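Student: Quick one: the structure is below, questions incoming.
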Amino acid sequence: MRKILLSFILSFLSFSISQAQKPVTPSSSEIFESIQKLNFLGSVLYIAAHPDDENTRLISYMSNHVKARTAYLSLTRGDGGQNLIGPEIRELLGVIRTQELLAARGVDGGEQLFTRANDFGYSKDPEETLAIWNKDAVLSDVVLAIRKFKPDIVINRFDHRTPGTTHGHHTSSAMLSFEAFDLANDKSAFPDLLKQASIWQPKRLFFNTNSWFYRSQEDFDKANKNNKLSFDIGVYYPLKGMSNNELASLASSQHLCQGFGRLSQRGTQKEYLEFLKGDALTNNDNIFEGIDTSWNRVKGGKAIGDILYAVENNFNFKNPSIHIPQLMEAYKLLQNIEDEHWKTQKTKELKSIIEMCAGLYLEASAEAPTSTPNQTVKINIEALNRSNQNIVIENIKQGDGKTVSKNLELKYNDSEKFETTYFISNNEAYTSPYWLNKKGTLGMYKVENRELIGLPETPKNVVIDFNLKINNVPITISKPVIYRYSKPDKGELYRPFEIIPEASAKISEKVIIFSNDKQRDIQVIVKAGRDNLEGFVEINHPKDWNVFPEKQKVNIVHKGEEQTVTFTIIPPKNQSEGYINPVVHVDDKTYTKELIEINYEHIPFQTVLLPSESKIVRLDIKKKGENIAYIAGAGDVVPESLQQIGYNVLTLNPVDINAETLSRFDAVVVGIRAYNVVENLEFKQQILFDFVANGGNMVVQYNTSRGLNINNIAPYPLKLSSDRVTDENTEVRFLNPTHPILNYPNKITQTDFEGWTQERGLYFPNSWDAKFTPILSMNDKNEKPKDGSLLVAKHGKGYYIYTGLSFFREFPEGVSGAYRLFANMLSIGKEDLKPASKLNN
């Protein structure tokens, strides 16, 4: 069973996830299912706020059981969350989660859409959300998605009627969908969008309800279900060798950076849809009731349907290629229908089916994974016909305007290979997520090209059109240029072919802290996008800072190589902060961006171009203690940040935690969510408490209240909650202003809580033992004070500190006050401590 499942997933992913996955010829059963979907002319749009909000069970059911064209519109790309698999946060995390969504759709058979809304972090009500997002702009994007996708059915994941009961983004997604349902058919609403898509009225709007939206399963069972559809989404698919809920589990498990890998489910499982508005149903069995989902739906479609239904009803699983003459006849008829929406969509589907039936392998692979503008690239072309049908390559037409005439007959299973050259013009855009090309706002991405709005990825421009004749019928199949290569320990690999700048530069440290006025050397790494790169690099800097020398020469012989140059940064005498950015000069051009590569095995290789800059902070900070042990959790830059202010930090593997090892340290810092994700840490907890009792300090950063792998997170009773303060500018009140943690060695004032980003903190404890002293009080608007953000308890000779303050977000932004407060947390009780010897890493 596992082998069948793996085979299905690999082949399905190859056709659905990425433009650069290894292609695998699908099985006959998969071709048959594609024909079934081809013969269903109905569509469903599922709408929610974030990656992982989508109900993969329902998306899979609509796509694979109902056979409807199904898409998920995620209003954001999930930039505001945490990352369990690596250091990427904010924009880069959004890139990862975008690809994980595409991977999930590759499994459940759906499509993926977005708006320009930016996930700015947790929001407690839709009023705040829609103010930060720019309601009209996001609403126009939802309307555009409906007009372009033209769904018959719209399904909201969340309830538009219950603001304040869940994430503000969640409720906002439902509110916007509810409003857009009618506006999509109103010519006076967002008339500028009519240049991209005509008006459209979906037939019905539903809310995908379940017991989660009620106080308990019992309350949900008692609720009136007269206006609710229900159906079993645990149906079994013999052609796939798995059930729908098994398939859905695999889809949701693609969200690895959110820790969504989970066991598969199977068996009967009910799903509920509450009717909200549109054409009422006369029964609760079929959401497409009254909607013609056959080929009769379109003018001229009957003749096409007569052909394609016959193919479906008499499908030859042993030799699908025998259906190609019928498919080509249907293809010709399809090109003559007037309905452009169905013509475009079904032509795309039918081309794919023809290609699959013929076992047609068409590939355009570049000699290298990247190129710069104004370069010529060699492309290797491979074409293979694994059927007995007559297929001829008349020519290939390239995106650079070049046409290569071939008139080449593809004989059965006879691979044809030839080369061509492709000129990358000076006007070719660099490969990077389109929504990151321009600086946006806290709540919105800026997208100047309106044709790109809603797309999951930047379209590939380096494309080869294979102009074919199949049984004398002209047909064009387009393939983006990719890069195919191999590694001895990995085998054959694929990655996208990408256009990059001829030079890029980065400073490895994104925040550089100067705890005094001593000068410091920094390194700028310049990377060549082409051979024989010559020029110089300089650093832009604030006026009260100095940089020496003014410029450094760059001379790199080979493409892909890097050169590191060193500059000395001289800070001012007094506290100051600003930004520095390297500028590379090559001939008469300047380059100011950093080339970032994201490489995880579960998603395609990603290249991101972002402005190259680092924050520099001249910080008035004092500290006690030298050596810090760090226990990694879900991933943050706290160790690197503490090193910036002069601490010696050593990351400990939990298996290495023992009394002797800990005796070398002044304090232990536990990373975010460590007690959620590090399973064996609970067995070391008493050793850590003993370390505190013997005079050490232990700082535990936030953990989620759900999924704890431990019962005693602290030496005294302490209960975590979901309390959080999302307004990063809200007032912070000092409950114990004379407490040492606010006074030594740095005097903490209200100024230290200025400039915080995204939030104050999250998952604060809401009850604790009397031995704990609460230090701070804060709350969001119209909420009661929350006093659990920073709790300190004396335990033996040392101190145990629990904090839900979001240091993991503030450190990467160089927030001075966050560093000063954290230094106090590590220094408490260390007034008489003598300097320790430096650790050997």
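We did not get these values from a lab; they are worked out from the coordinates using the rules stated. The structure presented is a predicted model; accordingly, all values stated were derived computationally and were not measured. Glycine also receives a Cβ, built like all others from the backbone with ideal geometry; neighbour counts cover every protein chain displayed.
Student: So, in nm, how far is label N210 from label E492 when the simple model puts each one 7 Å beyond its Cα toward the Cβ?
Tutor: Label at N210, label at E492, 3.9 nm between them.
Student: As an exercise, identify the chymotrypsin sites (Phe, Trp or Tyr not before Pro) in region 548-652 lying in DSSP coil whose Cβ has no more than 13 other Cβ atoms within 10 Å. Don't skip to the end; give the middle numbers.
Tutor: Values: sites: F567, Y579, Y591, Y600, F605, Y630, Y647; in loops: Y600, F605, Y647.
In loop regions of region 548-652 (DSSP not H, G, I, E or B), there are no sparsely surrounded chymotrypsin sites (Phe, Trp or Tyr not before Pro).
Student: Report, in whole Å, the centroid distance computed from the Cα atoms of region 104-163 and region 180-226.
Tutor: Rounded to whole Å, the Cα centres lie 11 Å apart.
Student: Set the bar at 27 Å for Cα to Cα. Now go through K506/K559; K510/K784; K318/K351; K148/K240; K150/K240; K559/K589 and name every pair that lies beyond it.
Tutor: Checking Cα-Cα distances, K510/K784; K148/K240; K150/K240 exceed 27 Å.
Student: I would also like to ask the following. For an R0 of 25 angstrom, estimate the FRET efficiency from the Cβ-Cβ distance between L452 and Y361 and round to the nearest 0.05.
Tutor: 0.25
Student: When Lys and Arg each count +1 and Asp and Glu each count -1, what net charge do the other residues less than 12 Å away from D531, Cβ to Cβ, add up to? Could the numbers behind the result be given before it?
Tutor: On the way: positive: R530, K559; negative: E502, E534, E561.
Result for the neighbourhood of D531: -1.
Student: Using DSSP to define loop residues, name the trypsin sites (Lys or Arg not before Pro) in region 413-444 whose beta-carbon has at most 15 other beta-carbon atoms within 10 Å.
Tutor: Answer in residue order: K439.
Student: Let me have the 222 nm mean residue ellipticity of the chain computed from DSSP H runs of 4+ only, each contributing -39500 (n - 2.57), with the sum over all residues rounded to the nearest 500. The partial results should precede the final answer.
Tutor: Values: 18 runs with 186 residues, N = 841.
So the calculated ellipticity at 222 nm is -6500 deg cm²/dmol.
Student: Follow-up question, since we're still on this one. Can you give the local net charge around F772? Use residues other than it whose beta-carbon is closer than 13 angstrom to its beta-carbon, Lys and Arg +1, Asp and Glu -1. Display every interim value, and only then the final one.
Tutor: Values: positive: K719, K771, K794; negative: D769, D787.
Every neighbour counted, the sum reads +1.
Student: Another question about this same structure. So what's the net charge close to H160: Lys and Arg +1, Asp and Glu -1, counting the other residues with Cβ under 14 Å from its Cβ?
Tutor: On the way: positive: K135, R157, R161, K277; negative: D125, E127, D159, E179, D182, E274.
Summing Lys/Arg as +1 and Asp/Glu as -1 gives -2.
Student: Within region 394-429, which residues have the backbone N less than 11 Å from the label spot 7 Å out from K378 along Cα→beta-carbon, could you tell me?
Tutor: Label zone hits: 419-421.
Student: To continue, here is another question. Would you work out which of G94, L183, N210 lies farthest towards the positive end of the dipole of region 93-232, given +1 charges on the beta-carbon of Lys and Arg and -1 on that of Asp and Glu, about the Cα centre?
Tutor: So the residue furthest toward the plus end is L183.
Student: With charges only on Cβ, +1 for K and R and -1 for D and E, what is the dipole size of the chain about its Cα centre, in debye, rounded to 20?
Tutor: Computed charge dipole of the chain: roughly 480 debye.
Student: Also, quick follow-up: Report the extension gain between S478 and N388 in nm, rounded to one decimal, defined as 0.36 nm multiplied by the number of residues separating them, less their alpha carbon distance.
Tutor: 30.2 nm
Student: Just report the Cα centroid separation between region 25-43 and region 317-377, whole Å.
Tutor: Between the Cα centres of region 25-43 and region 317-377 lies a distance of 14 Å.
Student: Now for a separate question. Decide, for region 389-488, between rounded, prolate and oblate: order the square roots of the alpha carbon gyration tensor eigenvalues as a ≥ b ≥ c, take rounded if a/c falls under 1.5, and otherwise choose prolate if a/b is larger than b/c, else oblate.
Tutor: Details: a/c = 2.55, a/b = 2.21, b/c = 1.15.
Verdict is prolate for region 389-488.
Student: Once you place label points 7 Å from the Cα toward the Cβ at Y579 and K411, how far apart are they in nm?
Tutor: Rounded to a tenth, the inter-label distance reads 6.2 nm.
Student: Decide, for region 503-618, between rounded, prolate and oblate: order the square roots of the alpha carbon gyration tensor eigenvalues as a ≥ b ≥ c, take rounded if a/c falls under 1.5, and otherwise choose prolate if a/b is larger than b/c, else oblate.
Tutor: oblate
Student: For region 793-820 and region 464-509, what is the separation of their C-alpha centers, rounded to whole Å?
Tutor: If you average the Cα positions of each part, the centres end up 46 Å apart.
Student: Give me the extension gain from E601 to T568: residue separation times 0.36 nm, minus the current Cα-Cα distance, reported in nm with one decimal.
Tutor: Gain on extension, E601 to T568, equals 8.1 nm.
Student: Then there's this: I need the GluC sites (Glu not before Pro) found in region 662-749, filtered to DSSP loop residues with at most 15 other beta carbons within 10 Å of theirs.
Tutor: Sites meeting the loop and neighbour criteria: E731.
Student: Can you tell me how region 42-291 classifies by the Cα gyration tensor, rounded, prolate or oblate, using a/c under 1.5 as the rounded cut? Display every interim value, and only then the final one.
Tutor: Numbers: a/c = 1.35, a/b = 1.05, b/c = 1.28.
Rounded, because the longest to shortest axis ratio a/c is under 1.5.
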